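Have a look at the structure below before the remarks.
The values are calculated or read from the model by the stated rules, or taken from the named source; none is laboratory data. Quantities reported herein were computed from a predicted structural model and do not represent experimental measurements. As a convention, Cβ positions derive from the backbone with ideal geometry for all residues, glycine included, and neighbour counts pool all protein chains shown. Ligands, DNA and RNA are stripped out before the accessible areas are found, and what is left, the full protein with its side chains, is counted by its heavy atoms. Shrake-Rupley method; radii C 1.70, N 1.55, O 1.52, S 1.80 Å.
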Amino acid sequence: MGKLRKHARTLFQLVYVALTNGYAAGFVQGNIYKGAGKFACLPGLNCYSCPGAVGSCPIGSLQAVITSREHKFTFYVVGFLLLFGALFGRVVCGWLCPFGLLQDLLNKIPFVKKLRRLPGERALRALKYVVLVGFVIVLPLIVLDVVGQGQPWFCKYICPSGTLFAGVPLISSNPPLRAALGWLFAWKMGILIVLVLLSIVLWRPFCRYLCPLGAIYGLFNPVALHRFRIDEDRCTGCGVCQKACKLDIPVHRTPNSPECVRCGDCRRACPHGAICTANARSEPAACEQARS
């Protein structure tokens, strides 16, 4: 039972990814599934163009609307992000993102020395907000072609999830696409390769530094319905939670940091049982009720 609990998140991620990217015919035929499910967003970074994807990515959907010549406002996608953010915060990142799962698995590969952070960590973590504002919103709105159409800058120039789960399978099964490859695919493959290699030595570099979806959900962590609470009567400030956290978050001081993906390592490591999910309740007894 202890082993099962320890690997529960990974098992949940695997099942979720299989269900949301399990359209096998798409991989076999090299085609994108275009059924009714594609009209619905999935909460994680789930590329529309993945042959097995049965739903759409909220970031991709947002860009598809704001890059149109009509410059419409997408109430559905924005409402979707607000809903999942308000309910779960970055639980989505830790439990429901295919590219997050990939990084988790890569980090399990043994290496001489694992890194907890990179030089300039604070500035690097701010990059995802630059990507969100610049590449997801501003550039698609202001850089237009001759017919007034914008481009999905993040999806086109950065997104490693799209490269891995959509680009690679599609070019593998479509020779004409391989013949048309140019500098853009090489650029995105370069980003993907760097992130894959970095994921072996550093936990979730894409989530830390570049993911605009994580940036959005992270803003909700302090106020989401599902959030962490520290029982001050039990917490001794020993720092075990921070040592257990692969993102090096001082959980005992900032349990609802925008960086936290709710993996639960800190809760399992706390020797005093001082960390619990308070479900947005403010009563002092919330932690005690959660433990029972």
Worksheet item: Which pairs have Cβ atoms under 6 Å, sit 6 or more apart or on different chains, and link a residue in region 194-217 that is under 16 Å from Pro119 (Cα atoms) to one that is not in a helix (DSSP H, G or I)?
Response: Val201/Phe111; Val201/Lys114; Val201/Leu115; Leu202/Leu115; Trp203/Lys246
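Here is a yes/no grid of residues against (1) under 26 Å from Thr277 (Cβ atoms); (2) at pLDDT below 95:
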site: Arg69; (1), (2): no, yes
site: Leu83; (1), (2): yes, no
site: Ala86; (1), (2): yes, no
site: Leu105; (1), (2): yes, no
site: Ala123; (1), (2): no, no
site: Leu127; (1), (2): no, no
site: Val131; (1), (2): no, no
site: Val147; (1), (2): no, yes
Practice prompt. Taking only region 133-145 into account, find how many residues are in a loop (DSSP other than H, G, I, E, B) and modelled with pLDDT of 95 or more.
Written response: 0
Worksheet entry | Qualifying position, being charged (D, E, K, R), open to solvent by 60 Å² or more (accessible area, probe 1.4 Å) and assigned to a loop (DSSP other than H, G, I, E, B), among Arg262, Arg253 | Arg253
Response to the item:
All-but-one check, Phe111 against (1) of a type in the set (A, V, I, L, M, F, W, C); (2) in a helix (DSSP H, G or I); (3) at pLDDT 95 or above; (4) open to solvent by 30 Å² or more (accessible area, probe 1.4 Å), failing number (2)
Item to complete: Residue by residue through region 167-195, note down the ones that are open to solvent by less than 40 Å² (accessible area, probe 1.4 Å) and at pLDDT 95 or above.
Response: Lys188, Gly190, Ile191, Leu192, Leu195
Discussion item. From the list Asn31, Asn46, Asn21, exactly one residue is among the polar types (S, T, N, Q), over 25 Å from Tyr76 (Cα atoms) and either under 16 Å from the mean Cα position of the chain (by Cα) or open to solvent by 20 Å² or more (accessible area, probe 1.4 Å) (or both). Which is it?
Written reply: Asn31
Worksheet entry | Residues of region 182-224 classified as in contact with a Lys or Arg (Cβ under 9 Å, 6 or more places away or on another chain) and not in a helix (DSSP H, G or I), total | 7
